[in-house]
Every structure is written in structure tokens, then in C-alpha cells.
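Q: Structure incoming, see below.
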Amino acid sequence: FEQLRDLVDNDRSELSSLVQEYETNTRQLQQQMRESLPNQRVQELCRAAHTLKSSSALMGASGLSALCASLEEATRQGQIPADTAARIDAIDRAGAESFRWLQEQIG
């Protein structure tokens with residue numbers, strides 16, 4: 001997050017806007033993950049996990065990024081693991097924690 005803060009010259013308005021956009025995109029990706037399960041859309045699930053992994057790493061949400069990396073790796077073989085629903089639940093919880101942490105960083 002410090003790199004992001006430096007990139008925008010510690011502009012709180014810009015940081016707030018970036019965090020809000022990240023939160024919106026994160027929620028959309030989490031929804032895509034949940035919706036991919038019933039229809040076994042493994043490529044969609046893998047792509048959403050990959051995208052959220054990368055954006056979370058950029059925002060400094062390393063815990064969320066690691067959970068997404070694990071899900072991405074697990075689905076890369078073309079199968080949806082049996083524990084995927086639990087993994088997505090963990091991603092949801094980590095997302096909520098990340099949003100709180102990011103808001104604290106903005107001040």
C-alpha cells in the first residue's frame with residue numbers, strides 16, 4: 001500500500017477513489033467465483049481468482065492475494081476442488097478484512 005500511496009503523492013481523495021474501485025471490483029469477482037460453482041465453470045473461476053490475486057497484491061492485501069493464488073493454482077488443472085465453496089468463503093472474509101484495513105490506511 002505504501003507504493004500505491006507514493007504513486008498518488010499521498011492524495012487521500014485519489015487513494016479513497018482507488019480503494020472504492022478496488023472494493024467494487026473485488027465484490028464483482030467474488031460474485032463471479034460463487035456463480036461459477038453450480039455450473040462448474042472452472043475457467044471463469046480461475047480467471048476471477050487470478051484477477052483478484054493480482055489486484056489484491058497491488059493494494060497491499062497480501063492475505064487475500066495468497067488465498068486467491070491458492071484457488072487459482074487449485075483450479076488451473078481444469079477441476080474445481082471439493083473445498084472450493086469454503087475457499088470462496090475465506091476469500092469473502094479476507095476481502096472484508098482488507099477493506100477495513102485499507103480504510104484505516106487512508107485515515
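The values are calculated or read from the model by the stated rules, or taken from the named source; none is laboratory data. On a predicted model such as this, the values are computed, not experimentally measured, just so you know. We place every Cβ from the backbone using ideal geometry, glycine too, and count neighbours over all the protein chains shown.
Q: Out of L67, L102, L52, I need the residue that is in contact with a Cys (Cβ under 7 Å, 6 or more places away or on another chain) and among the aliphatic types (A, V, I, L, M). Which one? Break it down stepwise before answering.
A: On the way: L67 fails: in contact with a Cys (Cβ under 7 Å, 6 or more places away or on another chain); L102 fails: in contact with a Cys (Cβ under 7 Å, 6 or more places away or on another chain).
Residue meeting the stated conditions: L52.
Q: Quick one: Q77 ticks every box in (1) at pLDDT 95 or above; (2) not in a helix (DSSP H, G or I) except a single one, so which number is it?
A: Going through (1) at pLDDT 95 or above; (2) not in a helix (DSSP H, G or I) one by one, Q77 breaks only (1).
Q: Being free of Cβ contacts under 8 Å to residues at least 12 places away in the same chain and part of a helix (DSSP H, G or I) is the filter; apply it to region 29-42 and report the residue that is farthest from D6 (Cα to Cα).
A: Filtering region 29-42 for residues that are free of Cβ contacts under 8 Å to residues at least 12 places away in the same chain and part of a helix (DSSP H, G or I), the one farthest from D6 (Cα to Cα) comes out as E35.
Q: In addition: Report, by residue number, each residue of region 29-62 that is surrounded by 16 or more Cβ atoms within 10 Å (Cβ to Cβ) and either under 16 Å from F99 (Cβ atoms) or of a type in the set (G, A, S) (or both).
A: L29, Q30, S36, A48, A49, L52, S55, S56, M59, G60, A61
Q: Turning to a different aspect of this structure: Could you please find all residues in region 63-90 being of a type in the set (G, A, S) and surrounded by fewer than 19 Cβ atoms within 10 Å (Cβ to Cβ)?
A: G63, A66, A69, S70, A74, G78, A82, A85, A86, A90
Q: Something else about it: Yes or no: region 56-79 includes at least one residue that is touching a Pro at 6+ places or on another chain (Cβ under 8 Å), farther than 29 Å from E2 by Cβ and not aliphatic (A, V, I, L, M). Let's see the steps before the verdict.
A: We begin by selecting, within region 56-79, every residue touching a Pro at 6+ places or on another chain (Cβ under 8 Å); these are 74-75.
Retained after the next criterion (residues that are farther than 29 Å from E2 by Cβ): 74-75.
Narrowing further to those that are not aliphatic (A, V, I, L, M): 75.
Yes; the residues of region 56-79 include at least one that is touching a Pro at 6+ places or on another chain (Cβ under 8 Å), farther than 29 Å from E2 by Cβ and not aliphatic (A, V, I, L, M).
Q: Collect the residues in region 13-28 that are surrounded by fewer than 12 Cβ atoms within 10 Å (Cβ to Cβ) and either over 18 Å from G95 (Cβ atoms) or touching a residue at least 60 places away in the same chain (Cβ under 8 Å) (or both), keeping them in residue-number order.
A: Correct list: S13 only.
Quick grid of which residues meet (1) under 30 Å from V8 (Cβ atoms); (2) in a loop (DSSP other than H, G, I, E, B); (3) β-branched (V, I, T); (4) in contact with a His (Cβ under 6 Å, 6 or more places away or on another chain):
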position	(1), (2), (3), (4)
S55	yes, no, no, no
P81	no, yes, no, no
A86	no, no, no, no
D89	no, no, no, no
R100	yes, no, no, no
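Q: Filter region 1-55 down to the residues that are of a type in the set (A, V, I, L, M, F, W, C) and more than 19 Å from A74 (Cβ to Cβ) and list them by number.
A: Matches in region 1-55: F1, L4, L7, V8, L15, L18, V19.
Q: Further question: Somewhere in region 4-12, is a residue under 13 Å from the mean Cα position of the chain (by Cα) and surrounded by fewer than 13 Cβ atoms within 10 Å (Cβ to Cβ)?
A: No; the residues of region 4-12 include none that is under 13 Å from the mean Cα position of the chain (by Cα) and surrounded by fewer than 13 Cβ atoms within 10 Å (Cβ to Cβ).
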